[in-house]
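One structure is given here, and the rest of the page talks about it.
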Amino acid sequence: MSHKVTSTQASLSSFRRFLQDLRESVSGSERDFTRIPLGKAILLLSIPMVLEMIMESVFALADIFFVSRLGAEAVATVGITESVMTVIYAIGMGLSVGTTALVSRRIGENRPEQAAVAAVQAIFTGVVVSSLFAFTGIFFAKDLLRLMGASETTVEAGYMYPAIMLAGNGVIMLLFIINAVFRSSGDAAISMRVLWFANILNIILDPLLIFGWGPFPEMGVKGAAVATCTGRGLAVIYQIYLLSRGRYRVKIEAAQLVIRMKEVVKLVKLSLGAIGQNLIATASWIFLVWVITSLGEEVVAGYTIAIRIVMFVLLPSWGMANASATLVGQNLGANRPERAERAAWLVGIGNMVLLGFISVFFIVFPGTFIGFFIDGTGQPLVMQSGVTCLRVVSYGFVVYAMGMVMVNSINGAGDTATPVWINVIAFWLMEIPLAYLFTRVFDLHLQGVCYAILIGESTLTFLAMIIFRRGKWKLKVV
């Protein structure tokens with residue numbers, strides 16, 4: 001009897017400690033993540049990062065939910081535009097990786113002033129790069145849609161969506177970069193709050209501007225773009241305000257608002273590998289959309305809905321991968337490489353358990369999830385395509401989970417070059433040729449593209465695990 005009482009008390013005590021850690025992680029922790037127990041460090045960092053990405057996932061689904069009410073052409077416009085926007089995301093995420101490597105290393109070395117210097121250079125670089133894409137969106141939106149195979153009806157009805165998204169790409173890029181500053185310094189709770197603010201505002205504005213509720217004008221698919229740029233633009237203003245307050249690990253003061261080309265070059269060199277990784281990966285997605293576009297706009301719509309659902313799950317898992325990158329960078333800065341390696345493996349195993357559990361529902365009940373985004377019963381091909389894509393891609397969730405942690409951990413160490421070759425092999429030597437072969441030669445339709453995605457992503461994971469295990473990333477100096 002006494003043994004049962006003691007066991008119950010221990011369980012309650014453990015639960016209370018978990019609730020305390022949960023509260024600390026969400027409110028913000030001031031602990032040194034290179035010194036506290038590794039399990040606690042992973043928990044305190046990963047919870048706000050996962051919650052941050054969950055809100056990003058919710059927004060992605062909410063966005064496509066409202067747009068899907070406008071019909072298959074509107075969904076296709078969003079899907080085609082996002083295939084182009086992935087280039088911007090690739091650069092923004094690449095700069096974020098470079099920022100993470102520098103800031104986390106400087107924090108691990110206990111040099112917060114130099115972390116602030118790196119943050120300023122990253123913001124400056126993001127502004128310059130995004131300006132080039134803004135010009136393209138303003139003048140060539142219609143041409144981009146035509147280039148991606150959209151019908152003339154879709155081009156004329158929806159060209160303002162890519163025009164606005166590309167013109168306002170700077171707020172998206174800066175949101176990525178500045179959140180990376182907070183996240184990699186250990187202030188992950190701040191990144192979470194910023195993204196929640198941005199995406200809640202987006203979700204509120206979406207139906208108001210798309211359908212013209214109340215005093216708002218009915219803007220159709222264009223309204224989704226205006227909502228996104230408005231929500232994220234206000235979030236960037238909030239980020240800059242927080243950076244200047246000085247209450248967190250990275251504080252930007254007036255003396256640091258100077259462009260230091262040596263630091264910019266260092267950031268760009270680190271980021272180029274990560275940008276290359278993302279461009280290789282996203283270019284392969286653009287090619288896949290081009291292949292799918294030839295199958296018809298209803299197939300594109302089904303594929304777009306399925307991929308949004310997949311991203312709903314993968315983005316929170318990406319939050320765990322970001323936690324691994326931060327821990328690797330900070331522990332290398334503190335000269336604790338073995339702890340850095342152990343952190344990555346523990347996060348990877350946890351990610352596999354999480355995604356493996358969720359994949360069961362997508363494999364068994366794909367129609368339930370796709371049907372939530374289909375308005376009415378008159379879109380059987382959209383439904384069929386979405387179900388096919390969601391089920392096949394979900395077979396590889398467990399493998400993807402470890403792969404994203406391994407790649408992010410290598411990047412967090414500052415070795416952004418090695419994953420470039422991993423991506424080339426996985427996507428351009430495996431995924432792309434197989435997608436073309438399965439659809440054009442073996443006539444497997446959309447299912448063939450999904451098989452190619454499964455094989456390509458699995459190849460990436462196994463290569464990343466082998467390279468991470470060899471440990472050369474521990475010797476990287478940044």
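The values are calculated or read from the model by the stated rules, or taken from the named source; none is laboratory data. A quick note: this is a predicted structure, and the numbers were derived from the prediction, not measured. Here Cβ is always computed from backbone atoms with ideal geometry, including for glycine, and neighbour counts include all displayed protein chains.
See the values below:
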| read-out | value |
| --- | --- |
| Failed item, numbered, when GLY39 is tested on (1) out of contact with any Pro (no Cβ under 6 Å at 6 or more places or on another chain); (2) crowded, with 17+ Cβ neighbours inside 10 Å | (2) |
| Residue pairs meeting the criteria (Cβ under 7 Å; at least 6 apart or on separate chains; first within 19 Å of LEU51 (Cβ to Cβ), in region 20-39; second part of a helix (DSSP H, G or I) and not hydrophobic (A, V, I, L, M, F, W, C)) | ASP21/LYS40; SER25/PRO48; VAL26/PRO48; PHE33/GLN330 |
| Extreme residue, farthest from the chain's Cα centre (by Cα), among residues of region 350-383 that are surrounded by fewer than 13 Cβ atoms within 10 Å (Cβ to Cβ) and modelled with pLDDT of 90 or more | VAL364 |
| Selected residue (criterion: nearest to the chain's Cα centre (by Cα)) from residues of region 421-450 that are aromatic (Phe, Trp, Tyr) and within 28 Å of LEU381 (Cα to Cα) | PHE427 |
| Subset tally (residues that are buried (at least 24 other Cβ atoms within 10 Å of the Cβ) and either closer than 21 Å to ILE292 by Cα or hydroxyl-bearing (Ser, Thr, Tyr) (or both)) for region 402-434 | 5 |
| Residue identified as among the β-branched types (Val, Ile, Thr), touching a helix residue (DSSP H, G or I) at 6+ places or on another chain (Cβ under 7 Å) and in a helix (DSSP H, G or I) among ILE200, ILE210 | ILE210 |
| Hey, THR439 polar (S, T, N, Q), touching a residue at least 12 places away in the same chain (Cβ under 8 Å) and closer than 29 Å to LEU61 by Cα or not | yes |
| Total residues in region 238-264, condition part of a helix (DSSP H, G or I) and exposed (fewer than 12 other Cβ atoms within 10 Å of the Cβ) | 6 |
| Top-ranked residue in region 191-237 [being under 19 Å from the mean Cα position of the chain (by Cα) and among the basic types (Lys, Arg); ranked as surrounded by the fewest Cβ atoms within 10 Å (Cβ to Cβ)] | ARG193 |
| Those residues of region 358-398 which are of a type in the set (Phe, Trp, Tyr) and more than 14 Å from ILE305 (Cβ to Cβ), in sequence order | PHE361, PHE365, TYR395, PHE397 |
| Residue identified as among the aliphatic types (A, V, I, L, M), under 16 Å from the mean Cα position of the chain (by Cα) and more than 20 Å from LEU272 (Cβ to Cβ) among LEU145, LEU175, LEU95 | LEU175 |
| Residue in region 51-68 that is over 25 Å from GLY223 (Cα atoms) and hydrophobic (A, V, I, L, M, F, W, C) present | yes |
| Residue within region 94-115 that is in a helix (DSSP H, G or I) and without any contact (Cβ under 8 Å) to a residue 24 or more places away in the chain present | yes |
| Top-ranked residue in region 435-478 [being over 18 Å from SER385 (Cβ atoms) and among the β-branched types (Val, Ile, Thr); ranked as surrounded by the most Cβ atoms within 10 Å (Cβ to Cβ)] | THR461 |
| Any chance PHE59 is within 21 Å of SER191 (Cα to Cα), part of a helix (DSSP H, G or I) and modelled with pLDDT under 80 | yes |
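Yes or no, residue by residue, for (1) among the hydroxyl-bearing types (Ser, Thr, Tyr); (2) modelled with pLDDT of 80 or more:
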position: THR99; (1), (2): yes, yes
position: LEU102; (1), (2): no, yes
position: GLN121; (1), (2): no, yes
position: VAL127; (1), (2): no, yes
position: SER151; (1), (2): yes, no
position: VAL155; (1), (2): no, no
position: GLY168; (1), (2): no, yes
position: MET173; (1), (2): no, yes
position: PHE176; (1), (2): no, yes
